1. At 7 Å along Cα-to-Cβ for each site, give me the label-to-label distance between THR8 and ASP51 in nm.
2. Normalised by the number of residues in the chain, what is the relative contact order in percent for Cα pairs under 8 Å and 6+ residues apart?
3. Which of MET1, MET27 has the fewest other C-beta atoms within 10 Å, and how do the rest follow up to the most?
4. In whole Hz and in residue order, list the ³J(HN,Hα) couplings for the stretch 67-72 that follow from phi through the Karplus curve 6.51 cos²θ - 1.76 cosθ + 1.60, θ = phi - 60°; x for Gly and Pro.
5. Under 5 Å between amide H atoms, partner at least 5 residues away or on a different chain: which partners does PHE32 have, H built in plane at 1.01 Å?
6. Per the helix-only calculation at 222 nm, which mean residue ellipticity applies to the chain, given -39500 (n - 2.57) for every DSSP H run of n ≥ 4 and division by its residues, nearest 500 deg cm²/dmol?
7. By what distance, in whole Å, do the Cα atoms of the chain stretch along each of the three principal axes, largest value first?
8. Can you tell which of ALA28, ALA48, ALA57 shows the greatest fluctuation in a Gaussian network model of the chain with Cα springs below 10 Å?
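Read the figures in this text as sums done on the coordinates, not as results from a lab. Keep in mind the model is a prediction, meaning the values are calculated, not measured. Cβ coordinates were reconstructed from backbone atoms using ideal geometry, including for glycine residues, and neighbour counts include every protein chain displayed.
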Amino acid sequence: MATHDFDTLTVEIDEALCIGSGNCVNMAPGVFQLNEENVVEFVDDPQATDDEEVIEACNLCPVDALIVHNADGEQLVP
């Protein structure tokens, strides 16, 4: 699982669940991209405009391959 820490959020990608829908990429292209296998990954230097952008992008995942925790460790998505 790939993990990235933002200021107040931690996002995990479960690559095994990803079906390559691209919803997250469309919502947050500064954070996510699809690799050559059509599986989501973080861009080289992920930059989110705000927490809501990341949360919404992760909520759009149809298979819950994106997991978000806040700074207190509470799971926000899925």
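1. Going from the THR8 label point to the ASP51 one covers 0.3 nm.
2. Computed value for the chain: 32 percent relative contact order.
3. Final ranking by Cβ density, sparse to dense: MET1, MET27.
4. Rounded to whole hertz, the list is 10, 10, 10, 8, 4, 8.
5. When sequence neighbours closer than 5 places are left aside, the close amide H contacts are VAL43.
6. Value at 222 nm, helices only: -4500 deg cm²/dmol.
7. 33, 21, 19
8. ALA48
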